[in-house]
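Enquirer: Could you have a look at this structure, given as structure tokens, before my questions?
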Amino acid sequence: MTRLDAAPTTTGPDLYVEIDAGRAHAQGLARVAGFTLIEVMVVVVILDILAAIVVPRIMSRPDEARVVRAQQDIRAIGAALDLYKLDNLAYPSTEQGLEALVRKPADLPAGARYKNDGYLAAVPRDPWGTAYQYLSPGQHGPYDLYSHGADGIPGGEAFNADIGNWTLDE
């Protein structure tokens, strides 16, 4: 039906050849631009193998990730507390709590320069969903900032251990 060696003309059966060859060329490009089912299946199998290797390593660490997040939160809140002290001459009292970093307390000392936007947008909760504990003055320093860990009970071991600003360097 097609004669590719024929010289193109505009009349007769060769015109049909030109149109048909052009259509075949367009179909060839469409086929090259897509992926075959086999190629897609090979990629899916490779991704499944990688997931089978990587996911167990990642999924076995959610407790470690929560501890690291709590440590980072405590560092960030600690930095906000230090800025608060620089501007307001003292750390917030235990009664004022961490809310003093978000909203201006009513009983600031004379000469205090509370930031208009506060020191935190909101007081975060620990990775287990409970509020961070704050004492000022603290038992371990000028203030104690801590989480009771995964179990929410004071003390504990491993992932249930308390995470405090005094334990960050251990």
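Enquirer: With the structure loaded, tell me whether G156 is part of a loop (DSSP other than H, G, I, E, B), within 25 Å of R103 (Cα to Cα) and either among the small types (G, A, S) or open to solvent by less than 40 Å² (accessible area, probe 1.4 Å) (or both) or whether it fails that test.
Expert: Here the answer is no, as G156 does not meet what is asked.
Enquirer: Hey, another quick one. Which residues, counting only those in the stretch 139-153, are open to solvent by less than 20 Å² (accessible area, probe 1.4 Å) and at pLDDT 95 or above?
Expert: D144, L145, S147 - these are the residues of the stretch 139-153 that are open to solvent by less than 20 Å² (accessible area, probe 1.4 Å) and at pLDDT 95 or above.
Enquirer: Follow-up question, since we're still on this one. Do you know which of the residues in the stretch 23-40 that are open to solvent by 100 Å² or more (accessible area, probe 1.4 Å) and assigned to a helix (DSSP H, G or I) is modelled with the highest pLDDT?
Expert: I38
Enquirer: Restricting the search to the stretch 83-107, which residues are over 31 Å from the mean Cα position of the chain (by Cα) and of a type in the set (G, A, S)?
Expert: A90, S93, A106
Enquirer: May I pose another question? Could you run through the stretch 81-117 and say how many residues are in a helix (DSSP H, G or I) and more than 15 Å from Q133 (Cα to Cα)?
Expert: 7
Enquirer: Still on this structure, I have one more. In this structure, does A121 turn out to be under 19 Å from D169 (Cβ atoms) and either open to solvent by 80 Å² or more (accessible area, probe 1.4 Å) or part of a helix (DSSP H, G or I) (or both)?
Expert: No, not satisfied.
Enquirer: Separate question: Going residue by residue through the stretch 62-84, is there one that turns out to be free of Cβ contacts under 8 Å to residues at least 24 places away in the same chain, surrounded by 13 or more Cβ atoms within 10 Å (Cβ to Cβ) and touching a Leu at 6+ places or on another chain (Cβ under 9 Å)?
Expert: No, the conditions are met nowhere in the stretch 62-84.
The values are calculated or read from the model by the stated rules, or taken from the named source; none is laboratory data. Quick caveat, the model's predicted, so the values are computed rather than measured. As a convention, Cβ positions derive from the backbone with ideal geometry for all residues, glycine included, and neighbour counts pool all protein chains shown. Protein only, heavy atoms only, side chains kept; ligands, DNA and RNA dropped before computing areas. Shrake-Rupley method; radii C 1.70, N 1.55, O 1.52, S 1.80 Å.
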